[in-house]
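The structure appears below as structure tokens.
The values are calculated or read from the model by the stated rules, or taken from the named source; none is laboratory data. The structure presented is a predicted model; accordingly, all values stated were derived computationally and were not measured. As a convention, Cβ positions derive from the backbone with ideal geometry for all residues, glycine included, and neighbour counts pool all protein chains shown. For the accessible areas, the whole protein counts, side chains as well, though only heavy atoms, and no ligand, DNA or RNA atoms are used. Shrake-Rupley method; radii C 1.70, N 1.55, O 1.52, S 1.80 Å.
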Number of protein chains: 2
Amino acid sequence: MEKRNSVFIATSLDGYIADKNGGIDWLDSTPNTENSDMGYFRFMKHIDAMVMGRNTFDTVCGFDVEWPYTVPVFVLSNSLQEIPAKYQGKAHLVKGSLSEVLSTIHKQNYHRLYIDGGITIQQFLNEDLIDEMIITTIPVLLGDGISLFSALNHEMYFELVKSEVHLNQLVQSHYTRKRPQ
Amino acid sequence: MEKRNSVFIATSLDGYIADKNGGIDWLDSTPNTENSDMGYFRFMKHIDAMVMGRNTFDTVCGFDVEWPYTVPVFVLSNSLQEIPAKYQGKAHLVKGSLSEVLSTIHKQNYHRLYIDGGITIQQFLNEDLIDEMIITTIPVLLGDGISLFSALNHEMYFELVKSEVHLNQLVQSHYTRKRPQ
């Protein structure tokens, strides 16, 4: 089965995924009267499981909403000892190198993975393990915050598959990795 | 007359305008068989003069081509003593604070300005003096280089005017500054 690691994330114009206090209120700065999901559900239809770091997991657990995922969530953490009781069966702790983690997940028959969280995405990019990125740009300069991208050992080219505008304000671009032949 | 300071620039997906060696070869990584100008000439029709820093001026002088501008160029530099003889009449040295510089330029009846170069754009943004940005995103992660944006004292919201795709690969988005009322 095709294996694919995908990113679906929003950033500010200056490339931040959260402000300097970790805040994400600015994500909702564009009025959404039509209640658009910005293509999220269409994207999730083709996702078997999520992979996220501990920070993102903690953030999601802190939201005052029902557990938002219908696919298994793998939490990448070498420090967390176990998944809190409340989330057992929904979230699963995975440890080790990314290749070990991916091997563990693939063996359970989850192949199309949604990679989430700044540090986790950066780790995957560092090992050239991201195949697809859907990036939604919010029209704000934050000036400081948590960056989506970090230093890389070498440049990586992508192919633009599609770009569309949501809510008349948010540019969403879909890229796939163009690896050297 | 309406005063407007505009940016028209290309960046990598990770927000760099040049690689770590100052190189910009990656800007031409997308085949341009149709010889598209990516909207540059349409943009320049509404520009009275350019404002750039010394680095950008030196870079342009180093290009092995004819002087590329048909509008006056103001070079913002407190270190340069004078414009080299070859470029006199085309480029003009301006010194002082941005408000002094803008006052000097406006008095000469140039009101719609193309602000170019990373440091100069950052200086203008820091004083909230950019009214419009047309940003073309090249589908590459460079991983390191010279950033378009830098730290800001406060967030700045923009309005998306238009987004279009050039050469089937380059997303060009046109933003105007949305200042608090």
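One quarter of the convex hull surface, Cα atoms only: what value does that give for segment B:1-88 in nm²? Over all viewing directions, segment B:1-88 projects a mean Cα-hull area of 8.0 nm².
Residue B:178 exposes around 100 Å² of accessible area when a 1.4 Å probe is run over every protein chain in place. The P(r) of the protein assembly as shown has a tail past 39 Å containing 22 percent of all C-alpha pairs. Report note on the peptides B:101-107, A:117-123, A:81-87: ranked by the mean count of other C-beta atoms within 10 Å, highest first, their order is A:117-123, B:101-107, A:81-87.
When you count the other C-beta atoms within 10 angstrom of each residue and take the mean per peptide, B:40-51, A:29-40 line up highest first as B:40-51, A:29-40. How high is the relative contact order of chain B? Use alpha-carbon pairs under 8 Å, at least six apart in sequence, and give a whole percent. Relative CO of chain B lands at 36 percent. With a cut-off of 13 Å between beta carbons, the residues surrounding residue B:173 carry a summed charge of -3, where Lys and Arg count +1 and Asp and Glu -1. Positive-end ranking of A:56, A:10, A:29 along the dipole of segment A:1-128, with charges on Cβ about the Cα centre, is headed by A:56. Rounded to the nearest 0.05, the FRET efficiency derived from the C-beta distance between residue B:179 and residue A:25 at R0 = 22 Å is 0.70. If you take the alpha carbon atoms of segment B:59-106 and fit the smallest convex hull around them, that volume is 84 Å³ per residue. Can you show me the helix-derived [θ] at 222 nm for the protein assembly as shown, built from DSSP H runs with n ≥ 4 at -39,500 (n - 2.57) apiece and divided by the number of residues, rounded to the nearest 500. Roughly -5000 deg cm²/dmol at 222 nm, from the helical runs in the protein assembly as shown. Averaged over the residues of A:9-15, the number of partner chain Cβ atoms lying within 10 Å of the residue Cβ comes to 5.
Computed over segment A:111-181, the Cα gyration tensor eigenvalues convert (square root of 5λ each) into semi-axes of 21, 17, 12 Å, ordered from largest to smallest. A label point on residue B:71, set 7 Å along the Cα-to-Cβ line, lies at 4.7 nm from each of its counterparts in the other copies, closest listed first. Distance from the alpha carbon centroid of segment B:112-153 to that of segment A:164-178 works out to 20 angstrom. Calculate the tail of P(r) for chain B: the fraction of all Cα-Cα distances greater than 25 Å, expressed in %. Of the Cα pairs, 35 percent sit more than 25 Å apart.
One residue of chain A places its C-beta nearer than any other to the axis carrying A onto B; that residue and its whole-Å distance are A:15, 2. Note on residue A:88 and residue B:93: the model spin-label points, each 7 Å out from Cα along the C-beta direction, lie 7.5 nm apart.
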